[in-house]
1. When only residues in segment A:417-434 that are surrounded by 24 or more Cβ atoms within 10 Å (Cβ to Cβ) and within 11 Å of chain B (Cβ to nearest Cβ) count, which is nearest to A:Ala386 (Cα to Cα)?
2. Within segment A:128-155, which residues are within 14 Å of another protein chain (Cβ to nearest Cβ) and touching a residue at least 60 places away in the same chain (Cβ under 8 Å)?
3. Can you tell me how many residues within segment A:337-355 are of a type in the set (A, V, I, L, M), in a helix (DSSP H, G or I) and closer than 30 Å to A:Met104 by Cα?
4. Could you please find all residues in segment B:356-374 being surrounded by 15 or more Cβ atoms within 10 Å (Cβ to Cβ) and in a helix (DSSP H, G or I)?
5. What do you reckon, is B:Glu173 assigned to a helix (DSSP H, G or I), out of contact with any Pro (no Cβ under 6 Å at 6 or more places or on another chain) and within 26 Å of B:Asp57 (Cβ to Cβ)?
6. Please tell me if A:Thr464 is touching a Leu at 6+ places or on another chain (Cβ under 7 Å), within 30 Å of A:Ser11 (Cβ to Cβ) and touching a residue at least 40 places away in the same chain (Cβ under 8 Å).
7. Before we move on, is B:Ala380 within 14 Å of chain A (Cβ to nearest Cβ), among the aliphatic types (A, V, I, L, M) and either surrounded by 24 or more Cβ atoms within 10 Å (Cβ to Cβ) or outside any loop (DSSP other than H, G, I, E, B) (or both)?
8. Looking at segment B:449-489 only, could you name the residues that are more than 29 Å from B:Ser264 (Cβ to Cβ) and of a type outside the set (D, E, K, R)?
Number of protein chains: 2
Amino acid sequence: MQPDATQAFPSAMESTIVVASNRGPVSFDRDRSGELISQRGAGGLVTALSGVFFRDDTTWVAAAMTEGDRAVAVEGYEIDPDSHQRVRFVVIPPERYEAYYNQMANRILWFVHHYLWDTARTPTFDEHTEATWQGFVEANRAFALALAEEGDRDPVYLIQDYHLSLVPAMLRELRPDARIVHFTHTPFAGATYLRILPAHMRDAILRGMAGADVVGFQARTWVESFLLSVRDLPGFRVLRGGRFAVGDRIATARAFPVAVSAHSIRETAAKPETKRVRRELKAWKGAARLLLRVDRLEPSKNILRGFLAYELFLRSNPSWQGRVKFLALFSPSREALPEYQAYGDDCLAEVERINKELATEAWQPIEVRIQEDYGYAVGAYGLYDALLVNPVYDGMNLVAMEGPLVNRHGALILSRNAGAYGRLRKHALTVNPFDIRETADAIRDALDMPEEDRKRRGRGLSRTVQAHTPPLWLASQLEALDQVRLPPD
Amino acid sequence: MQPDATQAFPSAMESTIVVASNRGPVSFDRDRSGELISQRGAGGLVTALSGVFFRDDTTWVAAAMTEGDRAVAVEGYEIDPDSHQRVRFVVIPPERYEAYYNQMANRILWFVHHYLWDTARTPTFDEHTEATWQGFVEANRAFALALAEEGDRDPVYLIQDYHLSLVPAMLRELRPDARIVHFTHTPFAGATYLRILPAHMRDAILRGMAGADVVGFQARTWVESFLLSVRDLPGFRVLRGGRFAVGDRIATARAFPVAVSAHSIRETAAKPETKRVRRELKAWKGAARLLLRVDRLEPSKNILRGFLAYELFLRSNPSWQGRVKFLALFSPSREALPEYQAYGDDCLAEVERINKELATEAWQPIEVRIQEDYGYAVGAYGLYDALLVNPVYDGMNLVAMEGPLVNRHGALILSRNAGAYGRLRKHALTVNPFDIRETADAIRDALDMPEEDRKRRGRGLSRTVQAHTPPLWLASQLEALDQVRLPPD
């Protein structure tokens, strides 16, 4: 892509990049000899972004998670030898990190953006909420200060997710000419629902994000939710085409659906240990068909209704009993938080009940594994006849995209409330995630589907996913950044 | 108001009126001798509308609730001697009524429009949901058929609330030229939240309401939620100024905040039995200040957080302990439904705990009365120092308007999520209903407020409420109906 000759500033496409996210792409621990060794970070965001940072001269700023990370932070930058990335850690004191990450981000912001509250009872903001909020503000400020220190190279800042929603405006204050993209990986709450937050928090979050030049989301729905909320803020005007004015400055809100790297997932699939998992699971599955789900054990994933739908499917289609197995792979998630723990307990209790009521000597309807093992999931991807992705709400959902890259013969059952619905709907069996009757019917249809049909859809899914690569995802954000700075026509 | 000479049709202002609502303005029972006697209907909608139908030649179509109603329905129309209204009852078989009213309207639509679901767990649509929906469709059809039979007099149809959301389109099919207003008394769910409903139900509800010429709501927020949802329906276009096109037909969505009748509430206040209640409560209250709430015992009213906020206020301001009493008047609501029962139980348990922990020999912090007694509530209105109206979400909230009509010295604490907020915010202490710290502070500020300030606000509230009368509310809807049929400029 050629930089526009009319531009008075360098194209974002040619600039150095500074990424900020709560969790970094690597984390450092000490081996037995006391040497620092790095480990790949977990979580959807890191997976999504890892494929992007293919070039030199990229710095990734993240919160220190381990004693090793803190040592790296103190020693200065560390160059990750595999990817030519620099990593810089922001050290946040434990109590402040608890307020910022567990309380504010995971218990409050995650819940508002996924519509997860039981509003008659939760949330209840009280005399502790303000301290939680201050921890969030301070952690965001620590990020903004670290980013501002990277400003000498006039980089493009790519600030990731709802944890860092205040950073763009804070950074703009420190560096008024900074070029900033903020990208939200979750959904974004509708305007009425967002008003559940105390007014000053809601306003700070909206103004914080609007500090960016480009405010990115996974899907058009979330863009619109954001614009509907900023529209009512004093000093803001929403213009046409997703652009909005903050005082004299013009910014834009746009959808940039995230992409996954076919290359890296296939590399994982080709590993001997992944192949071994696949062989083991194949032997375990036997002649049965395989229904698979892969999720963090988390309320937005709609795990409970997934099991209820499967039970309804088995009871309505008794000929399938004994001929299908449901493998549910969960990575543990935020287990210290009571809401997550209660939800996880409820899910496992439901599995126990269903298995007890329906199992025979030779067959158990549901098999659950709770483990942090990406390779194991990729091994399972290769085998499914149907992949169940039924979140209540989801920013995008990477599993729905990863599965078809490894498996081109299985069907995808996809929630209409996942961001991935926009791209994959054509080739998926789509469901209302609250409707277990419709989900049960989709499970039946997926398993009953003629093989040719299933393969055709599988190829369609795989092609669609591959058409959108992480470098293109990055390029579209940088392009939007160039465009927003152009004088209007 | 003069009819416009350019109009080829009679002004809606001069037409006869047919109202439809689930609950009628009166209900019939037999006395001991077997004669039919009428009783005023309960509920906010009837209260709001009763003041409107001041003129002859108005028919009110409602569902038969009692054996007496069914007798009236069979015998034909009954003229209510007090108000010159005709009442016509639609007889819906009990099983269908259960599906239509308790299951579909109260457990599903009420919850979606008030954002009340605990989405990780509720709702779960299953194999019974479709039968529930069919009951709703059939009950709406019975209303549409009854209304169509009233068509000979070329009336204006005023169709009330979410229970009858399918009626406008059904009636339009039966009487293509009918002039129809649909008015929603509740909030209207945001576009993303509304997608919780199975798609065909959501679409039918939106298309049903859009069958009206004028789609009315309590507040602009709910208008916008509606327009955002219809925008995505095939065949719909949203135009400027709240107008939208359904094929070739133009309709409009507008806010018509409901009004209450100062005359009728003051009549109630002047009754000897109301005065007796007031005397009794005054004696009971003694020298203490009075915090009052008047609500149906119902999750959207946010009763639990109200008690928690009051507790927080007492603990943070111990000097108020013993000097204030919280009187909570609840009318029983939908007690047969498990969600309502569980919520009511939780509320009463909280009261018991707070009273146990804080009461002294001479003082009990909270007094709860559960009773269906409008006059008792009006008696209490006269006495409050502060009125707590903190709903999670509320279409309008009539209590916030009724209280100041009787009481011009008390303060109003008002949720920003109540429709009444738009009108009353200037004179009220407004709160985020999820924030018990802010609500506790508002209780303190209301009670600490200098008398002159409190009276000034009270007069402001009363004047604002009186400036909007039920006849004006009706006239603005009829005017909108005339305007939507005018050729565009």
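1. Checking each candidate, the answer is A:Val431.
2. Once the filter is applied, which keeps residues that are within 14 Å of another protein chain (Cβ to nearest Cβ) and touching a residue at least 60 places away in the same chain (Cβ under 8 Å), segment A:128-155 yields A:Thr129, A:Trp133.
3. Here is the first cut: in segment A:337-355, the residues of a type in the set (A, V, I, L, M) are A:337, A:342, A:348-349, A:351, A:354.
Remaining after also requiring in a helix (DSSP H, G or I): A:342, A:348-349, A:351, A:354.
Retained after the next criterion (residues that are closer than 30 Å to A:Met104 by Cα): A:342, A:348-349.
Here the count works out to 3.
4. Scanning segment B:356-374 gives B:Leu358, B:Tyr374.
5. Values: assigned to a helix (DSSP H, G or I): yes; out of contact with any Pro (no Cβ under 6 Å at 6 or more places or on another chain): yes; within 26 Å of B:Asp57 (Cβ to Cβ): yes.
Judged against the criteria, B:Glu173 is a match.
6. Working: touching a Leu at 6+ places or on another chain (Cβ under 7 Å): yes; within 30 Å of A:Ser11 (Cβ to Cβ): yes; touching a residue at least 40 places away in the same chain (Cβ under 8 Å): yes.
Against the criterion (touching a Leu at 6+ places or on another chain (Cβ under 7 Å), within 30 Å of A:Ser11 (Cβ to Cβ) and touching a residue at least 40 places away in the same chain (Cβ under 8 Å)), A:Thr464 qualifies.
7. Working: within 14 Å of chain A (Cβ to nearest Cβ): no; among the aliphatic types (A, V, I, L, M): yes; either surrounded by 24 or more Cβ atoms within 10 Å (Cβ to Cβ) or outside any loop (DSSP other than H, G, I, E, B) (or both): yes.
Spelling it out, it is not the case that B:Ala380 is within 14 Å of chain A (Cβ to nearest Cβ), among the aliphatic types (A, V, I, L, M) and either surrounded by 24 or more Cβ atoms within 10 Å (Cβ to Cβ) or outside any loop (DSSP other than H, G, I, E, B) (or both).
8. B:Met449, B:Pro450, B:Gln483, B:Val484, B:Leu486, B:Pro487, B:Pro488
The values are calculated or read from the model by the stated rules, or taken from the named source; none is laboratory data. What you are looking at is a predicted structure, and each value in this text was computed from that prediction instead of being measured. Note that we place each Cβ from the backbone using ideal geometry, even for glycine, and neighbour counts take in every protein chain shown.
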